[in-house]
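Only one structure is covered here, and it is reproduced in the block below.
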Amino acid sequence: LDQNGELLAALGNYVDWTGDLELVRSRWDRVRALASFPLQDRFRHAGSGMLHNRREYWERHGAHGIQDGFELMSQFFVSLGLERAAELAEALGESEDRDRWAGQARALRMAFLEDPTYRLVENGRLIKRRGTDGSWQRNIHMTSDMGLPEEIPLLQEGPHFLDPDTSSALLIANEFIEPTGPLAKNTLAQIEELWGQCWSGGGYGRYHATSEPDSPGAWPFASLFVARAYVEAGGDREALRVLEWLLDTMGGIAGSWFENDGPRIAPPYPQVGFTPWTWAELITLFVHHLLGVRPDSKGITLRPRLLEGLSGMKSSIRVRDHRLHLSVRKAEEGESKLAIVDGEEIPWSPDGVRIPLPD
């Protein structure tokens, strides 16, 4: 469910950056199928309109103790993907698809954030999972050892907690909820439990280590979820702590990080490859959050963010076959914040500066 939504969002980002609608236009039947898949009756819950299954974001499923219910990432990514798909439909003149998907995205978003019975919020913070009966699924228990090593945390004496989970930081990083609001603040405060849980050196685990069917340890790309969220929430020190940890941890000097930072128990073999996901999260952190270059169908928003201790940034980024040369420096004492675009001064706004797409 979540990956159908992620792919739609990626297609939207691709078109924003390249202007290449033909990729989407020539495969519109497939795009329509991606958008329609999560909305099938077998996934929809009649009481809330939310999507339910027995699989969670990190690939645990029924045998791990995941009950039929609502996963936060399934609601978030499907809603985000439908929003982007509606924008693509608008660009292609597919008004029927646009209206249907935009409406479904709004309804799903409202349900999982606001429904009085089923919303994925407890005690003022986001939660990972709720059953179809409305109960908060807080723990899991394996129904079989599945042939996994007996040393894994999920086969030890419980409880095995599902919350907190670093994936919830993605709603903050994507500004799906207000990054400086109380829901984001409370969610990030709980995620702090995942830093250096039962290992030395720091880094965030994907989720609470007690529910780990793999090897406990820090995950670089999951840690970057949290760093991205902290940049939007104004947590400079926490974001910098992740970057410093990435540099200091195994693979940091080479820029080649394993999926999991630590000895591998399950599966019982050494790590032999590097996942590109970490690099993708770093690029997103630098370009979207720090440099703040955000193209869309109507223009480009520039919203740079200098973290504490940084005096400036420079970059040259390709946007739609043109080069955007960006130089950012900290305002001196007594200086007004402003932007200069092609020699013209433009008033600064916390929401960023809008410039037209290059032609």
#### Entry: Residue within segment 53-71 that is charged (D, E, K, R) and in a helix (DSSP H, G or I) present
no
### Query
Does MET313 count as in contact with a Phe, Trp or Tyr (Cβ under 8 Å, 6 or more places away or on another chain) and among the hydrophobic types (A, V, I, L, M, F, W, C)?
no
### Task
Please indicate, with yes or no, whether at least one residue in segment 183-197 is open to solvent by less than 10 Å² (accessible area, probe 1.4 Å), in a loop (DSSP other than H, G, I, E, B) and in contact with a strand residue (DSSP E or B) (Cβ under 7 Å, 6 or more places away or on another chain).
no
### Query
What about ASN13, is it under 22 Å from the mean Cα position of the chain (by Cα), farther than 30 Å from PRO358 by Cβ and part of a helix (DSSP H, G or I)?
no
### Query
Under 6 Å by Cβ, and 6 or more places apart or on different chains, what pairs join a residue from segment 156-169 that is farther than 17 Å from ILE66 by Cα with one that is among the small types (Gly, Ala, Ser) and surrounded by 22 or more Cβ atoms within 10 Å (Cβ to Cβ)?
THR166/ALA222; ALA169/ALA229
### Query
Got a sec? Which of THR143, THR166 is among the polar types (S, T, N, Q) and open to solvent by 70 Å² or more (accessible area, probe 1.4 Å)?
THR143
### Summary
Of those in segment 130-145 that are outside any strand (DSSP E or B) and of a type in the set (A, V, I, L, M, F, W, C), the residue farthest from the chain's Cα centre (by Cα) is MET142
### Query
Which of the residues spanning segment 246-282 are acidic (Asp, Glu) and either touching a residue at least 60 places away in the same chain (Cβ under 8 Å) or under 25 Å from LEU154 (Cα atoms) (or both)?
GLU259, ASP261, GLU281
### Query
Do you know which residues across segment 144-167 are hydroxyl-bearing (Ser, Thr, Tyr), over 25 Å from PHE225 (Cβ atoms) and in contact with a Ser or Thr (Cβ under 8 Å, 6 or more places away or on another chain)?
none
### Task
Of all residues in segment 300-357, count the ones that are touching a Lys or Arg at 6+ places or on another chain (Cβ under 6 Å) and touching a residue at least 40 places away in the same chain (Cβ under 8 Å).
2
### Message
Looking at LEU88, LEU148, can you tell me which residue is in a helix (DSSP H, G or I) and open to solvent by less than 70 Å² (accessible area, probe 1.4 Å)?
### Response
LEU88
### Message
HIS61 - would you say it is touching a strand residue (DSSP E or B) at 6+ places or on another chain (Cβ under 8 Å) and without any contact (Cβ under 8 Å) to a residue 12 or more places away in the chain?
### Response
yes
## Note on the structure
Here the qualifying pairs (Cβ atoms under 9 Å; residues six or more apart or on different chains; first in segment 12-34 and surrounded by fewer than 15 Cβ atoms within 10 Å (Cβ to Cβ); second of a type in the set (Phe, Trp, Tyr)) come out as ASP20/TYR14; LEU23/TYR14
### Task
Could you look through segment 112-129, keep only residues that are assigned to a helix (DSSP H, G or I) and open to solvent by 10 Å² or more (accessible area, probe 1.4 Å), and pick out the one that is farthest from HIS160 (Cα to Cα)?
GLU114
### Task
Evaluate segment 42-62: report whether one residue or more is closer than 23 Å to ALA86 by Cβ, exposed (fewer than 15 other Cβ atoms within 10 Å of the Cβ), modelled with pLDDT of 95 or more and of a type in the set (A, V, I, L, M, F, W, C).
no
### Every pair of residues 6+ apart whose Cβ atoms lie under 7 Å, when the first sits in segment 182-201 and is among the polar types (S, T, N, Q) while the second is loosely packed, with under 14 Cβ neighbours inside 10 Å
ASN186/GLY124
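The values are calculated or read from the model by the stated rules, or taken from the named source; none is laboratory data. Small disclaimer: the values here were computed from a predicted structure and weren't measured. Heads up, the Cβs are rebuilt from the backbone with ideal geometry, glycines too, and the neighbour counts pull from every protein chain shown. These accessible areas exclude ligands, DNA and RNA; they are computed on the full protein's heavy atoms, side chains included. Shrake-Rupley method; radii C 1.70, N 1.55, O 1.52, S 1.80 Å.
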